[in-house]
1. Across the range 12-39, what is the number of residues that are part of a strand (DSSP E or B) and among the aromatic types (Phe, Trp, Tyr)?
2. Lys42: among the charged types (D, E, K, R) and in contact with a helix residue (DSSP H, G or I) (Cβ under 6 Å, 6 or more places away or on another chain), yes or no?
3. Which residue pairs have Cβ atoms under 7 Å apart, sit 6 or more places apart or on different chains, and have a first residue in the range 1-22 that is over 30 Å from Glu47 (Cβ atoms) and a second that is open to solvent by less than 40 Å² (accessible area, probe 1.4 Å) and in a loop (DSSP other than H, G, I, E, B)?
4. Taking into account only those residues within the range 1-26 that are open to solvent by 30 Å² or more (accessible area, probe 1.4 Å) and closer than 19 Å to Arg133 by Cα, which is nearest to the chain's Cα centre (by Cα)?
5. Would you be able to tell me the number of residues in the range 43-61 that are within 15 Å of Ala89 (Cα to Cα), open to solvent by 30 Å² or more (accessible area, probe 1.4 Å) and touching a residue at least 12 places away in the same chain (Cβ under 8 Å)?
6. Can you tell me which residue is farthest from the chain's Cα centre (by Cα) among those in the range 108-155 that are small (Gly, Ala, Ser) and closer than 18 Å to Arg86 by Cα?
7. Checking the condition out of contact with any Lys or Arg (no Cβ under 9 Å at 6 or more places or on another chain) and within 19 Å of Leu150 (Cβ to Cβ), which residue from Arg76, Arg60, Arg86, Arg12 passes?
8. Here is a list: Arg133, Arg123, Arg152. Which entry is more than 16 Å from His24 (Cα to Cα), open to solvent by 40 Å² or more (accessible area, probe 1.4 Å) and either in contact with a strand residue (DSSP E or B) (Cβ under 6 Å, 6 or more places away or on another chain) or of a type outside the set (A, V, I, L, M, F, W, C) (or both)?
Amino acid sequence: MPRRSAGLIMYRVRNGAPELLLVHPGGPFWARKDLGAWSIPKGEYLEGEDPLQAARREFREETGHEPSGSFIELDRIRQPGGKLVRAWAFSGDFDPAHLVSNTFTMEWPPRSGRQTEFPEVDRACWFGIDEAREKILPGQLPLIDQVAALLRSAG
């Protein structure tokens with residue numbers, strides 16, 4: 001069975017233009033990557049777990065912000081590695097300066113025997129649709145396109 005992930009895309013409208021909140025993965029592998037490295041806040045969920053509840057939990061764990069409001073389900077996507085992603089869009093606002101992410105531990109530097117703790121997400125930022133399309137991991141681009149279409153039809 002393919003791995004499954006669930007996430008949320010927060011959107012807002014500023015000066016008549018939509019913006020999407022994306023997060024940048026933490027840790028040494030992603031430290032110098034920008035274009036094509038950002039993601040929606042998301043994470044894996046277990047068999048039998050409600051995907052929307054998992055998406056809300058992951059958003060809270062990665063940003064420190066409790067998501068609320070009406071959640072609009074998007075079409076599932078399959079990322080190039082085979083992972084199935086379910087996502088929901090919702091309107092909200094969040095100040096990236098207040099980001100509080102959970103952490104993970106890994107051996108760093110490699111073969112040093114030393115365990116180092118890193119934030120799962122090292123920053124968050126609001127992007128206009130075009131810039132979000134450049135920043136997002138290529139496998140998640142269909143989610144950006146879905147939210148853009150949703151916002152065009154609503155506005």
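1. Adding up the residues that qualify gives 1.
2. Yes.
3. Close Cβ pairs (under 7 Å, with a partner that is open to solvent by less than 40 Å² (accessible area, probe 1.4 Å) and in a loop (DSSP other than H, G, I, E, B)) amount to Arg12/Gly92.
4. Looking at the filtered set, the residue picked out is Tyr11.
5. Residues that pass the stated criteria total 3.
6. Ala149
7. Residue meeting the stated conditions: Arg12.
8. Within the list Arg133, Arg123, Arg152, the selection yields Arg152.
The values are calculated or read from the model by the stated rules, or taken from the named source; none is laboratory data. Please read these numbers as outputs of a predicted model, since none were measured by experiment. Please note: Cβ atoms are built from the backbone with ideal geometry, for glycine as well, and neighbour counts cover all protein chains shown. Ligands, DNA and RNA are stripped out before the accessible areas are found, and what is left, the full protein with its side chains, is counted by its heavy atoms. Shrake-Rupley method; radii C 1.70, N 1.55, O 1.52, S 1.80 Å.
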